[in-house]
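Beneath this line is the structure, given in structure tokens, with notes to follow.
The values are calculated or read from the model by the stated rules, or taken from the named source; none is laboratory data. Being a predicted model, the structure only gives us computed values, none of them experimental. All Cβ positions, even for glycine, are placed from backbone atoms using ideal geometry, and neighbour counts span all protein chains on display. Surface areas here come from the heavy atoms of the whole protein model, side chains and all, with no ligands, DNA or RNA. Shrake-Rupley method; radii C 1.70, N 1.55, O 1.52, S 1.80 Å.
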Amino acid sequence: MTRKRKPRRIVKSYFNKIAALPVRPIFALLLKVPESWIRVLSEIIAWGFANFAFPLKRMAIKNLRIAYKNTLSDDKIKIIAKESMKNIVRMMSELTIIIRPSYTTKDTPIEGEHHLKEALKGDKGILILGSHVGNFLLLILSLAQKGYPLHYILKESKDENFRDFVRELNKNLGLKPIPVKPRSEATKRSLRALRDREMLWLALDQDTKFGDIGVEFFGVKVGTSRGPAILAQRTESTVLPIYAKREGWLKHTLIVKEPVKLVNSGDKDMDIYKNLKRMNGVLEEEITENPEEWWWVHRRWKRAYRYSDEETKEMS
């Protein structure tokens, strides 16, 4: 018996295919547009996105209320939500500049780079605790262009045209993505990179459907991937938090924090939970320090109902 697809899924599937068709000519055109024009267009689109993308705006405000409880006024929450949405557009717009052959991110300053260099001196790999704070695409490209042996986990598009375009772009930029699917292959390649004493960027701040456990994030247990903790345990890698802090248009500073101190008691499941809780704690600090730079539009608390009490269930 064939399973009927919901109309919403059918519409979304075809929309994605249609939207992805012109991606090559559009990018080819954007690469020729002067940077000053891109910046102006970016601000116009950012303003429209922040003011009229109502479903995403509502989601951002809802998430901010979950995270900050009653510590921020409604006006402050709305300001953060709008600025966060604007920064998403700015990040995507900056991408059309930083991928140009004439542009380099080698000169991007790194605050706390001594943590990175110290970690590289050892005989272990480095698991970069990534997040959607700031321009993480620029962060990945910058580290790669600076000569760091970096791999990064990539969630590929289901659309073949867009997927092929991104693969070609990564190849031209000299990046080393590891597609998240198939998962067995992603795990194998991730372990190999870390055991070869290289670097792996992996984001932990998004909702996940696969292999998750409930771990506190802003005081609410959310679905959190076991992946980072398991990889760190198996390879004894150094877990190093790094994010990009926005200073202005195309002006960013990479922030490298102290390594996360991992627990290794011998109780595998408890160690995974405690280490993920420590990692989430670091991400909370990054977001709290830069609330307008995180992706509040993402449904991070989507599966909180699995782990939390009735009060949390109502919020999420």
Ignoring ligands, DNA and RNA, what percent of the accessible area of the chain is carbon or sulfur (1.4 Å)?
54 percent
For the stretch 89-200: rounded, prolate or oblate by the Cα gyration tensor [a/c cutoff 1.5]
oblate
How much net charge surrounds Phe210 when only other residues with a Cβ under 12 Å from its Cβ are counted (Lys, Arg +1; Asp, Glu -1)?
+4
Which residue, Leu283, Gln145, Gly211, has the largest displacement toward the positive end of the dipole of the chain when charges sit on each Cβ (Lys, Arg +1; Asp, Glu -1)?
Gly211
Scanning the chain for helices, which whole DSSP H stretches are 15 Å or more long along the axis (Cα) and average 0.5 or more by Kyte-Doolittle?
35-52
Going by the alpha-carbon gyration tensor, a ≥ b ≥ c the square roots of its eigenvalues, is the chain rounded (a/c under 1.5) or, if a/c is not under 1.5, prolate (a/b greater than b/c) versus oblate?
rounded
Taking only protein heavy atoms into account and a 1.4 Å probe, give the accessible area per residue of the chain in Å².
56 Å²
Restricting to DSSP loop positions (anything but H, G, I, E, B) with no more than 12 other Cβ atoms inside 10 Å of their own Cβ, which trypsin sites (Lys or Arg not before Pro) remain in the stretch 54-122?
Lys69, Lys106
Amide H of Leu129: which non-local residues (sequence gap of 5 or more, or other chain) have their own amide H closer than 5 Å, using H built in the peptide plane?
Leu240, Ile242
Point-charge dipole on Cβ atoms (K/R +1, D/E -1) for the stretch 221-296, about Cα centre, debye to 20:
200 debye
Is there a pair in Lys117/Lys251; Lys86/Lys117; Lys117/Lys181; Lys124/Lys257; Lys78/Lys146 whose C-alpha atoms are over 26 Å apart, and which pairs would that be?
Lys86/Lys117; Lys117/Lys181; Lys78/Lys146
Prolate/oblate/rounded call for the stretch 161-266, Cα gyration tensor, a/c under 1.5 rounded
rounded
Once the piece of chain linking Arg24 and Arg306 is laid out straight, how much longer is it, given 0.36 nm per residue of separation minus the C-alpha distance between them?
97.4 nm
With the 8 Å Cα cutoff and a minimum separation of six or more residues, the stretch 107-198 has a relative contact order in percent of 38 percent
What residue among Val263, Leu31, Leu129 has its Cα farthest toward the positive end of the dipole of the chain, where the charges are +1 on Lys, Arg and -1 on Asp, Glu, each on the Cβ?
Leu31
Of all DSSP beta bridges having both residues in the chain, the percent classed as antiparallel (nearest 5) is 45 percent
Of the candidates Thr71, Tyr103, Met85, the farthest towards the positive dipole end of the stretch 41-115 (Lys/Arg Cβ +1, Asp/Glu Cβ -1, centred on the Cα centre) is Thr71
With a cut-off of 8 Å between alpha carbons and a minimum separation of six or more residues, what is the relative contact order of the chain in percent?
24 percent
Net charge dipole size for the chain [Lys, Arg +1 and Asp, Glu -1 on Cβ; Debye, nearest 20]:
1540 debye
Note down the accessible area of Ile44, probe 1.4 Å, to the nearest 10 Å².
110 Å²
Net dipole in debye of the stretch 30-80 [+1 Lys, Arg Cβ; -1 Asp, Glu Cβ; about Cα centre; nearest 20]
260 debye
Where a label projected 7 Å from the Cα of Thr187 along Cα→Cβ would reach, residues of the stretch 265-279 with amide N under 18 Å:
268-273, 276
